[in-house]
Amino acid sequence: MANAVRKISIFIFFFVMMLCVVSNPYAYSQTSADSIGINFLLRLPDSKVKVDSIIAYTSRHRKEASAEVLFDEAFRLVDELHYNEVRARLLDIYGVFKRDFSKYSEALELHKKSLELARKANDVRTEIYALNNMGVVYRRLDENTTALNYHFQALKLAEKVKDDYSASVSLNSIGNIHIALGNYADAIKYFEQCLPLAYKANNNLGIAMNLNNIGEAYESLGILDSAESYYQKSLGYNEKIRSMKGIAISYNSLGNISRMQKKFSEAVDLYKKALNINKEIGDMIYTSITYNRLGEVYFLQKKLQDAEIMFRKGLELANEIGSKSEAKTAYEGLMKVNEMKGNLSQALEYSKLFKLYGDSLALENNNRYVRQMEAIYQNEKEQNRIAFLETKRRKDWIILLGAVVLIVLLLTSGVLYYLRRRLIERNQVLQRELEIRSQIATDLHDDMGSTLSSIHIFSELLRKSGGNSEDLLNKIEANAKDTLEALDDIIWLVKPSNDKFSNLGSHINEYAIPLFESKEIDFNVNFPDSIAELPLPMEVRRNIFLILKESVNNLIKYSKCTKAGINAEIVDDNILFEITDNGIGFDPEMTTNRNGLKNMRARATRINAVFNINSSQGNGTKISLEVPIKDAKLFATL
């Protein structure tokens, strides 16, 4: 009964799905588009689907400060809807968001809460994410021993559940810690273990980071040509995947090589490129690092005033975010600058601060073992407290059980009545599905029967023909290919796991792209991933696909175009599909014996969509299909 109520609740909530910004895969900066995406998400009806959509969106848009409002909305809905199964994942993603804006204390608290909830729920993947993310935060704060502990825990779990992506993240992070500790050969060993896993898991960001990290290890070993080669590979990969943070890190790394090769002007240009990107994306720790490196280059060029300005800016940011290592670097630079200027008293003050921060970092390293022992002790105390609370909870549960049973009995009659009404509605929906499947069966019979009959006839002709068999063989091959494609479409259509917008986009890609390439047509196919999780009922998905398929077929056969495009975007509360070409065009009002356009209009009418053709002789063609998202009849099967 509980499962039935659950399914009915999901049925109700899935009535309306998310709408947000259409992502442009050929541009990185999309401030206004991102704002539109956030506004669409906020306007969606309260539901668990809305929470899932926010999680998916914020995972891909971590650098948007304006996304903070989405987290507030998601946590509100998790509380109101009791959607506790995603709370741990949401906390972890929020922690990454805070970390990327250098709010490390807040990030740690969020990751710790996520880890605790994930362990209680036996959510291993979220547990791995939280452990790795805690390791990253501690590594940013120069607490390498603590960071290493969390990454090894994550690696062990990732290997256990065969999560190559998370394993590659852990290995890459462990390699970074070895670099920080000066164990460069060990670092390269871990990076080399990481790289194949990152390729296997399609962890593009991990690949780019790993290449840069291998370069850093070679740089530290003084093998500059190998270091520069890996940095260039990393830069190329970051540009390919449009990772602005990765591009900035690559510029910083290449700047280091130029500085060591005494190419100071080149180093300044590279550092400034990195600085502009870091400031733009709000990465305060790397901004501080870049200021300090610019200060070092200016000092080597004897540009003391510029060097002092850079070191002061680096120090200001380091103090703001609590980075002792960068504060130490800045104090050392200011000491050298003032010493060269002849400001010996000021240089002495900076020397004392430089030594103080160096001693502080050394003392911190010495105290880590003590803190680890204290943590183990506190953990044991916490486990004992949890055991006590668990015993008390069982006793309370027994007391409450009787009351719960009584309440359930009182509610049973109401629930049964509610279920009866919903089952009647569900039967109506199933009846509609049966009609759709019957139509599919009829189409399959007609298409397959016609095609197989053609194959049979051609085969008979081939058997009776003399030497001229090539044309008949080509026709048999074409009919067999059409049969396979029709079967593939039917299988795709009836498979329940394909009832999402992302699957429609993938199937259109698989069908259209080979046709465009075979005709050497310059094409662009763009489907927004912002509504990738939108459920599409079988009838809606079928009619949209057949309309787009017929449009592409007509384009290939008749347009004689050199450019074509298939685009989907959000317009108000509708999905707008457009198929365009720069071909010879035609008169849509001209009477024709073909039924293609009539069929497309009829299919659009069945799903309450608006179908239009804009074309004229010599001016190409644009076919548009506008499908309403919030049509109650259209999405009654969700």
Checklist outcome for this item: Quick count over the stretch 542-560, residues being more than 30 Å from the chain's Cα centre (by Cα), buried (at least 22 other Cβ atoms within 10 Å of the Cβ) and of a type outside the set (Ser, Thr, Tyr), is 1
Checklist entry - Across the stretch 189-200, which residue is surrounded by the fewest Cβ atoms within 10 Å (Cβ to Cβ) among those that are more than 25 Å from GLU326 (Cβ to Cβ) and hydrophobic (A, V, I, L, M, F, W, C)? => result LEU195
Next on the checklist: One residue is enough: does the stretch 149-169 have a residue meeting the conditions touching a Phe, Trp or Tyr at 6+ places or on another chain (Cβ under 7 Å), at pLDDT 90 or above, buried (at least 21 other Cβ atoms within 10 Å of the Cβ) and hydrophobic (A, V, I, L, M, F, W, C)?
Outcome noted: no
Checklist entry - Do we find a residue being at pLDDT below 90, surrounded by fewer than 17 Cβ atoms within 10 Å (Cβ to Cβ) and within 22 Å of ILE490 (Cβ to Cβ) anywhere in the stretch 605-624? => result yes
Next on the checklist: Which of the numbered conditions does SER502 fail, given that it passes all the others? Conditions: (1) of a type in the set (Gly, Ala, Ser); (2) modelled with pLDDT of 80 or more; (3) open to solvent by less than 40 Å² (accessible area, probe 1.4 Å); (4) over 17 Å from ILE556 (Cα atoms).
Outcome noted: (3)
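Yes/no matrix, rows are residues, columns are (1) open to solvent by 20 Å² or more (accessible area, probe 1.4 Å); (2) closer than 22 Å to ASP225 by Cβ; (3) hydrophobic (A, V, I, L, M, F, W, C); (4) at pLDDT below 90:
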residue	(1), (2), (3), (4)
PHE264	yes, yes, yes, no
ASP269	yes, yes, no, no
GLY282	yes, no, no, yes
ALA327	no, no, yes, yes
LEU344	yes, no, yes, yes
Next on the checklist: Take the residues in the stretch 217-242 that are acidic (Asp, Glu) and under 24 Å from GLN261 (Cα atoms); name whichever of them is least open to solvent (accessible area, probe 1.4 Å).
Outcome noted: GLU219
Checklist entry - Does any residue of the stretch 292-307 turn out to be hydroxyl-bearing (Ser, Thr, Tyr), closer than 30 Å to ALA107 by Cα and part of a helix (DSSP H, G or I)? => result no
Next on the checklist: For the stretch 505-546, which positions are in contact with a strand residue (DSSP E or B) (Cβ under 9 Å, 6 or more places away or on another chain), in a helix (DSSP H, G or I), under 28 Å from LEU41 (Cβ atoms) and aliphatic (A, V, I, L, M)?
Outcome noted: ILE508, ILE531, VAL540, ILE544
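Test LEU304 against the criterion of being more than 23 Å from PHE97 (Cα to Cα) and within 32 Å of the chain's Cα centre (by Cα), and give yes or no.
Against the criterion (more than 23 Å from PHE97 (Cα to Cα) and within 32 Å of the chain's Cα centre (by Cα)), LEU304 does not qualify.
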Checklist entry - Yes or no: ASN203 open to solvent by less than 20 Å² (accessible area, probe 1.4 Å) and in contact with a Lys or Arg (Cβ under 9 Å, 6 or more places away or on another chain)? => result no
Checklist outcome for this item: Residue hits (the stretch 589-600; under 16 Å from ASN553 (Cα atoms) and open to solvent by 30 Å² or more (accessible area, probe 1.4 Å)) are ARG594, ASN595, LEU597, LYS598, ASN599
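Residues of the stretch 329-342 being open to solvent by 80 Å² or more (accessible area, probe 1.4 Å) and either in contact (Cβ under 8 Å) with a residue 12 or more places away in the chain or not in a helix (DSSP H, G or I) (or both), which ones?
Once the filter is applied, which keeps residues that are open to solvent by 80 Å² or more (accessible area, probe 1.4 Å) and either in contact (Cβ under 8 Å) with a residue 12 or more places away in the chain or not in a helix (DSSP H, G or I) (or both), the stretch 329-342 yields LYS336, MET340.
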Next on the checklist: Anything in the stretch 506-535 that is open to solvent by less than 20 Å² (accessible area, probe 1.4 Å) and at pLDDT 85 or above? List them, or say none.
Outcome noted: HIS507, ILE508, ALA512, PHE516, ILE521
Next on the checklist: Being touching an Asp or Glu at 6+ places or on another chain (Cβ under 8 Å), closer than 24 Å to ASP283 by Cα, among the aliphatic types (A, V, I, L, M) and surrounded by 17 or more Cβ atoms within 10 Å (Cβ to Cβ) is the requirement here; does ILE214 meet it?
Outcome noted: yes
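The values are calculated or read from the model by the stated rules, or taken from the named source; none is laboratory data. All of these numbers come straight from a predicted model, not from anything done at the bench. Cβ: placed from backbone, ideal geometry, glycine included. Neighbour counts: every protein chain shown. Only protein heavy atoms, including side chains, enter the accessible area calculation; ligands, DNA and RNA are left aside. Shrake-Rupley method; radii C 1.70, N 1.55, O 1.52, S 1.80 Å.
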